[in-house]
Amino acid sequence: GSNSEPENMKKIDGKAFYVITTADELAWFAVQVNSGRSAINAVLGNDIVFGANNSSTCTAKWTPIGNSTSAQFAGILDGAGHTIYGLYTNEISLSGLVGVLGKNGIVRNLNTIVGNINGTLRSGGIVAHNVGLVQNVKNGNKVNVSTSTETAVYAGGIVAHNEGSVENCSSSGAIKASSTTNTALGIAKARAGGIAGHSTGSIVNS
């Protein structure tokens, strides 16, 4: 529900990274990306807990990093092996920790658990729509997408819709997708997958 600027920065491979140590700081990072600073980078300095503790889901709704096709995340989010606990999204079309990961965007070395990712179009445990690279990530969030219209909806443990690359990833959360069936054609337009709901990109070692 609030955000605050991180106090520290560090360099990794010559690039500047904000060091994220709280949920408020991660929310601040999302606001910056969604406001136009699409290529900034962040690294987690420790585990991030969104809920009351590391076994509960947050009740405040998360706004994804890169929350639209016009505000794609083109930087690097490095989890440094840490875990994000209790992330919660609901009633948004691009639902996940990251909404749209752009061509040059990278999410890596990250774990998530005890989260509940709900959406109306694309829901991913990590990324809703990936055009970049998701690497060395483990998802334990529940993922759900649903709509009452005849719209194609995707749900995936790592990414909902993958047009980029997914490498060395795994997911253990429950995945569900549902939409109205086109009765004339007998086609249900909901797709769900452990790694990706729909992929025209690359998925390896996952």
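The values are calculated or read from the model by the stated rules, or taken from the named source; none is laboratory data. Remember, it's a predicted structure, so these values are computed and weren't measured experimentally. Accessible surface is based on the protein model in full, side chains and every heavy atom, while ligands, DNA and RNA are left aside. Shrake-Rupley method; radii C 1.70, N 1.55, O 1.52, S 1.80 Å.
If you work out volume of the Cα convex hull per residue in Å³ from the coordinates, which of [x] 107; [y] 144; [z] 197 do you get?
Computed from these coordinates, volume of the Cα convex hull per residue in Å³ corresponds to label [x].
Expressed in nm to one decimal, what extension gain is obtained for the pair Thr200 and Asp13 from 0.36 nm per residue of sequence separation less their Cα-Cα distance?
Additional length available on full extension: 64.3 nm.
Rounded to the nearest percent, how much of the accessible area of the range 1-74 (1.4 Å probe, protein heavy atoms only) is carbon and sulfur?
Carbon and sulfur: 44 percent of the exposed surface of the range 1-74.
Taking the alpha-carbon centroid of each part, what is the distance from the range 96-119 to the range 37-57 in angstrom?
Distance between centres, Cα-based: 11 Å.
For helix 23-34, report the angle its Cα long axis makes with the longest principal axis of the Cα atoms of the chain; keep it between 0 and 90° and round to the nearest 10°.
70
Once a ≥ b ≥ c are taken as the square roots of the eigenvalues of the Cα gyration tensor of the range 1-62, is the result rounded (a/c under 1.5), prolate (a/b larger than b/c) or oblate (a/b not larger than b/c)?
The shape class here is oblate.
Taking a threshold of 29 Å on the Cα-Cα distance, which of the pairs Lys11/Lys142; Lys61/Lys138; Lys15/Lys103; Lys15/Lys61; Lys10/Lys142; Lys15/Lys176 fall above it?
Lys11/Lys142; Lys15/Lys61; Lys10/Lys142; Lys15/Lys176
Where does the chain land at 222 nm, in deg cm²/dmol rounded to the nearest 500, when only DSSP H runs of n ≥ 4 count, each adding -39500 (n - 2.57), divided by all residues?
Computed ellipticity for the chain at 222 nm equals -2000 deg cm²/dmol.
Subtracting the Cα-Cα distance from 0.36 nm times the residue separation, let me have the gained length for Ser178 to Val31 in nm, one decimal.
49.9 nm
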